[in-house]
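Remarks on the structure that follows.
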Amino acid sequence: MGEIFSKRKFWFHKFEFLYYRILKHFFALKNPTDFFIRKYCSRKTCTNKYFENSFEFIPTNDIGKKLFFEGVFEFNEISVCKSLIKENDVILDVGGNIGFHSIHFAHYASKGKVYSFEPSPETFELLSRNCKPYANIQPINIGIGKSEGVAKFHYASDHSYSGF
């Protein structure tokens, strides 16, 4: 799987180089990598397979680019979690985003339960779709904070950086 992503990364960097050297005079693209990713995917989201299930992501944000080109996101953090999680654990994934960590947690805690909290309605839709194949993941569309109440949520263009 890693070989496919490294070839993908190589060719996209070649396209990006070509754009910067030649095509930038003809096209007004702010981010050529995003342009080529969208052309490759032909839609807003892409899909990879993890644990025999499809996983949908937005390839033009920071998390999506890592998943698109490398097939993994926060590999070291996932490895640490794998060593700590036992099969009967109950896990709270606060800021579940699109569910990449949640599906790993659900796989490691196969007899346990994962509660994945995501306040953004748009991101929650992707989280829900990605968690659907896992009976032990419960996506919840609320934010978690230190006090009870209603807070203003700030949306960033890259949903990974949205928050309270």
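Points worth noting:
- Residue pairs whose Cβ atoms lie under 8 Å apart, sitting 6 or more positions apart in sequence or on different chains, and linking a residue in the stretch 133-156 that is open to solvent by 70 Å² or more (accessible area, probe 1.4 Å) to a partner that is of a type in the set (A, V, I, L, M), are 138/114; 144/92; 144/94.
- Check on residue 95, in contact with a Pro (Cβ under 6 Å, 6 or more places away or on another chain) and modelled with pLDDT under 95: no
- If only residues of the stretch 110-132 that are among the polar types (S, T, N, Q) and under 16 Å from the mean Cα position of the chain (by Cα) are counted, the one that is surrounded by the fewest Cβ atoms within 10 Å (Cβ to Cβ) is 128.
- Of the residues making up the stretch 78-86, not a single one is surrounded by 15 or more Cβ atoms within 10 Å (Cβ to Cβ), at pLDDT 95 or above and touching a Ser or Thr at 6+ places or on another chain (Cβ under 7 Å).
The values are calculated or read from the model by the stated rules, or taken from the named source; none is laboratory data. Bear in mind that the values here come from a model prediction, so they are computed numbers and not experimental data. Methodologically, a virtual Cβ is constructed for each residue, glycine included, from the backbone with ideal geometry; neighbour enumeration extends over all protein chains shown. Each accessible area value is taken on the protein alone, full model and side chains, heavy atoms only, with ligands, DNA and RNA left out. Shrake-Rupley method; radii C 1.70, N 1.55, O 1.52, S 1.80 Å.
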